[in-house]
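S.K.: Here you go, one structure.
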Amino acid sequence: MTHRIAIWIDHNEARAISLADDLGHAPIAHLHAHDQHTHPKHGDGHRHPADPRFLASVTELIAKADEVALLGPAGAKEELIAHIESAQPLLRPRVVAVGTMDRVTEGELATHARELLSRSDRMHGVPVVPPRR
């Protein structure tokens, strides 16, 4: 059985849920970044790169899964993927689906992640069985 998780990430936090084979899901982790943003009156007003400790913590979650759907707004997803590619490149193939979405509930995250993972399965020739209701 494949252990699939969905991770929603932005520059401040990451939420991970485990996706069961049916419609169920369970929270795994809720991580917060240690990085603070630059205030516009101090410095250049631009966001600093993501905290490497935060990215390492999220990478640890990915290491515990077989397949991951990575979702979130803006560039945090790309920073995490770049971190994985440089720090633990063997984990990169586990991120099988990436999507953009604003802050969501766990149920919305699970639904969207399942949709992305289903598309990934079809692209790779894996038979897709509709979920039990």
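S.K.: Can you name the residue in segment 75-99 that is in contact with a strand residue (DSSP E or B) (Cβ under 8 Å, 6 or more places away or on another chain), small (G, A, S) and farther than 13 Å from E13 by Cα and is also surrounded by the fewest Cβ atoms within 10 Å (Cβ to Cβ) among such residues? Give the derivation first.
M.R.: Within segment 75-99, the subset in contact with a strand residue (DSSP E or B) (Cβ under 8 Å, 6 or more places away or on another chain) is 76-77, 80-81, 84, 94-99.
Adding the requirement that they be small (G, A, S) leaves 76, 97, 99.
In the following step, the residues that additionally are farther than 13 Å from E13 by Cα were identified as 97, 99.
Values: A97: 22, G99: 16.
It comes out as G99.
S.K.: Now for a separate question. Just one of R122, R92 is modelled with pLDDT of 95 or more, out of contact with any Ser or Thr (no Cβ under 8 Å at 6 or more places or on another chain) and within 19 Å of H3 (Cα to Cα); which is it? Steps first, answer last, please.
M.R.: Numbers: R122 fails: modelled with pLDDT of 95 or more.
Only one candidate passes the filter, namely R92.
S.K.: Collect the residues in segment 1-29 that are touching a Ser or Thr at 6+ places or on another chain (Cβ under 8 Å), in a strand (DSSP E or B) and at pLDDT 85 or above, keeping them in residue-number order.
M.R.: The answer is R4, I5, A14.
The values are calculated or read from the model by the stated rules, or taken from the named source; none is laboratory data. None of these values were measured; they are calculated from a predicted model. Every residue, glycine among them, receives a Cβ derived from its backbone with ideal geometry; neighbour counts consider all protein chains shown.
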